[in-house]
Amino acid sequence: MHGLFRTFVFGVLLGLVGAGAYLHFVPVVDLYRVPSHVTVQTNGGNQETFSIRLPGDRIMAGRPGAAAAVPAGLAWPDAPAFDGFEAELFKIRDRDDTVIGVASRMKRTAGSGDGFVQWVVHLPARGTMFAALEANPGAGQARSGTLRVGTGEFEFRRGSVREVFVRDDTDSDPDNEGRIDLQVALIGLQEESR
């Protein structure tokens, strides 16, 4: 009886070791991480720019009275509570023009109450950032704001976010609207709350 039990335990242990070795050499999931393009600032922080080409990187756009919905057939609520609100979902690219994640922008025009612009940027291998920007763009069609909270490598970061619209006049495509650059400057680490 003891010999049969020992054989069973040995078989289970050998099976676990074999499964572990197999998963080490043939991983079930092989996540590919695109290298980050970070520029070090003189104050010790770092800066990174994410780009969105329009209209190609626009996945979804909802706004009241939109002539052409993205995707086709999207019905934006017609209730008064949604007046002035816009919601957009985009693919985001790094400086090598590689798609590295998704971003959403929610905004409410200042004419319909308290205006705001909020961005959520999700980079699958790195984490998520939530930023709040001023509602009205400043000089040069740029909006500025702050990184409010993050997850992953952005969890305890603080910094600023700038949204800049860049029109590409050299492109001969009449559908090309330009691009949005999100310039994220991470200044340092917040104190970790316990």
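The values are calculated or read from the model by the stated rules, or taken from the named source; none is laboratory data. Since this is a predicted model, take the numbers as computed values, not measurements. Because the Cβ atoms are built from the backbone with ideal geometry, glycine has one as well, and the counts that use them run over all protein chains shown.
Structure above, values below:
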| read-out | value |
| --- | --- |
| Residue ID - surrounded by the most Cβ atoms within 10 Å (Cβ to Cβ), chosen from residues in the stretch 140-163 that are among the hydrophobic types (A, V, I, L, M, F, W, C), within 22 Å of Arg108 (Cβ to Cβ) and within 16 Å of the chain's Cα centre (by Cα) | Val161 |
| Hits in the stretch 57-96 - residues which are touching a residue at least 24 places away in the same chain (Cβ under 8 Å) and in a loop (DSSP other than H, G, I, E, B) | Asp57, Arg63, Asp83, Gly84, Asp94, Arg95, Asp96 |
| Residue selected from the stretch 78-109 under the condition small (Gly, Ala, Ser) and under 13 Å from Ile59 (Cα atoms), by the criterion surrounded by the most Cβ atoms within 10 Å (Cβ to Cβ) | Ala103 |
| Failed condition for Arg33, given (1) at pLDDT 75 or above; (2) part of a loop (DSSP other than H, G, I, E, B); (3) among the basic types (Lys, Arg) | (1) |
| Output for the stretch 166-185, where each listed residue is modelled with pLDDT of 90 or more and touching a Gly at 6+ places or on another chain (Cβ under 6 Å) | Ala185 |
